[in-house]
Protein chains: 2
Amino acid sequence: MRIQSRVLGAVEQDLKKAGFPPLAWYDALLELSRAPGGEMRPVELEKQMLIPQYSTSRLIDRLVEEGLAARRECKMDKRGLFVEITEAGRDLQKRMWSAYSAAIERHVGSKLSDADAAKLCGLLDRLGCSCDQAAQMSPNTAATR
Amino acid sequence: MRIQSRVLGAVEQDLKKAGFPPLAWYDALLELSRAPGGEMRPVELEKQMLIPQYSTSRLIDRLVEEGLAARRECKMDKRGLFVEITEAGRDLQKRMWSAYSAAIERHVGSKLSDADAAKLCGLLDRLGCSCDQAAQMSPNTAATR
DNA sequence: GACTATTCCATGCAGGCGCATTTAATCAAG
DNA sequence: CTTGATTAAATGCGCCTGCATGGAATAGTC
């Protein structure tokens, strides 16, 4: 817990000092930029990022507010919508990656050999294994399933 | 990051379902209960728990509000004060431990042998090593040193 | 076709955090 | 003793989160 908090904090600080928004924005922009057509449903995004539903909704709010993404109507299912990344969004994602990758290298890569990193992954994966799947999702969604 | 979030989330959920307050309260109560006389200065608590200064101040607020701790005057240094754990505080700490230890065993202990746990610790420690010390502290404190 | 259940997304509210600043006491010089 | 710097703790403000709920569209049932 201690180490995770330190490393994540350090990386976020690096990004902030470089004048970039929080990591969550990067994660979302990356997912969107990889999606076919640069657009996806909020539900998809939610599943990819493992964050609760309302959190997705508000993250999209902020991205739209900054002109990094746009909400588009979904004709197949009028409850839903599409989120589409804009050019500005793609651009920011790329620029953030340079700072982000440097931070990762600085705070993680440079401290562990590839073999050690693999060992670490292996050990951590065992912890995640049978963690009941509902627990890390939206409590909302989890409760109703 | 993913695993840490899951495991911590699962443990916190277990505590919450058992009707207990957040983990941070337990950490604070444990520190206090171990301190000589059951009391310590906020600054000490801050260092032990690796959380920022204002966060300590507010955590103490909540503990006091619930009657788990009390603020006592500090005669040597009138800027400061002592936080003293109450009987109710000691009691809660003990009751929480039963739920907390069970959660740890369930989500961590049962999934890793002692040897594996030791390996994991070793690998993680290397990540925390030369992480610049100021970064994980209060930005306030960090900036002025 | 009417009714209920379910899914998708948004939002009001309360609480917590980070940041900056404030207040008050101590320390360090001259 | 006075002045300025430093340290301890608290707090106002804005943002983010979690929880619960709301409204709108769809799917399933008889």
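The values are calculated or read from the model by the stated rules, or taken from the named source; none is laboratory data. Just so it is clear, the model here is predicted, and its values are computed rather than measured. Cβ sites come from the backbone with ideal geometry, for glycine too, and all protein chains shown count toward neighbours.
Would you tally the residues in the range A:15-35 being away from DNA strand D (no atom under 15 Å from the Cβ) and modelled with pLDDT under 90?
Taking the range A:15-35 and keeping what is away from DNA strand D (no atom under 15 Å from the Cβ), we get A:17-18, A:30-35.
Retained after the next criterion (residues that are modelled with pLDDT under 90): A:17-18.
Adding up the residues that qualify gives 2.
Can you name the residue in the range B:75-96 that is loosely packed, with under 15 Cβ neighbours inside 10 Å and near DNA strand D (Cβ under 9 Å from one of its atoms) and, of all such residues, is nearest to the other protein chains (Cβ to nearest Cβ)?
B:GLY80
Against the condition among the charged types (D, E, K, R) and either at pLDDT 90 or above or within 28 Å of A:VAL7 (Cα to Cα) (or both), how does A:ARG79 come out, does it pass?
Details: among the charged types (D, E, K, R): yes; either at pLDDT 90 or above or within 28 Å of A:VAL7 (Cα to Cα) (or both): no.
No; evaluated as a whole, the condition is false for this residue.
Rundown of residues vs (1) of a type outside the set (D, E, K, R); (2) under 22 Å from A:ILE104 (Cβ atoms); (3) in contact (Cβ under 8 Å) with a residue 24 or more places away in the chain, yes/no style:
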position	(1), (2), (3)
A:PRO22	yes, yes, no
A:TYR26	yes, yes, yes
A:GLU31	no, yes, no
A:ARG34	no, yes, no
A:GLY37	yes, no, yes
A:MET40	yes, no, yes
A:LYS47	no, no, no
A:SER57	yes, no, no
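Give the range A:1-20 a look and list any residue that's farther than 19 Å from B:ARG2 by Cβ and either among the charged types (D, E, K, R) or without any contact (Cβ under 8 Å) to a residue 60 or more places away in the chain (or both), or say none.
Scanning the range A:1-20 gives A:GLN13, A:ASP14, A:LYS16, A:LYS17, A:GLY19.
How many of the residues making up the range B:24-40 are buried (at least 18 other Cβ atoms within 10 Å of the Cβ), within 16 Å of DNA strand C (Cβ to nearest atom) and aliphatic (A, V, I, L, M)?
Qualifying residue count for the region: 2.
Consider B:LEU63 carefully, then state whether it is closer than 19 Å to B:ASP91 by Cα and in a helix (DSSP H, G or I).
yes
Going by the structure shown, is B:VAL43 in a helix (DSSP H, G or I), closer than 23 Å to B:TRP97 by Cα and either away from every other protein chain (no Cβ under 14 Å) or within 13 Å of DNA strand C (Cβ to nearest atom) (or both)? Let's see the steps before the verdict.
Details: in a helix (DSSP H, G or I): yes; closer than 23 Å to B:TRP97 by Cα: no; either away from every other protein chain (no Cβ under 14 Å) or within 13 Å of DNA strand C (Cβ to nearest atom) (or both): yes.
When the stated conditions are applied, B:VAL43 does not pass them.
Please work out if B:MET1 is within 13 Å of DNA strand D (Cβ to nearest atom), modelled with pLDDT under 95 and either aliphatic (A, V, I, L, M) or within 13 Å of the chain's Cα centre (by Cα) (or both).
no
Regarding the range A:46-57, can at least one residue be identified that is surrounded by 17 or more Cβ atoms within 10 Å (Cβ to Cβ), away from chain B (no Cβ under 14 Å) and within 15 Å of DNA strand C (Cβ to nearest atom)?
For the range A:46-57, residues surrounded by 17 or more Cβ atoms within 10 Å (Cβ to Cβ), away from chain B (no Cβ under 14 Å) and within 15 Å of DNA strand C (Cβ to nearest atom): present.
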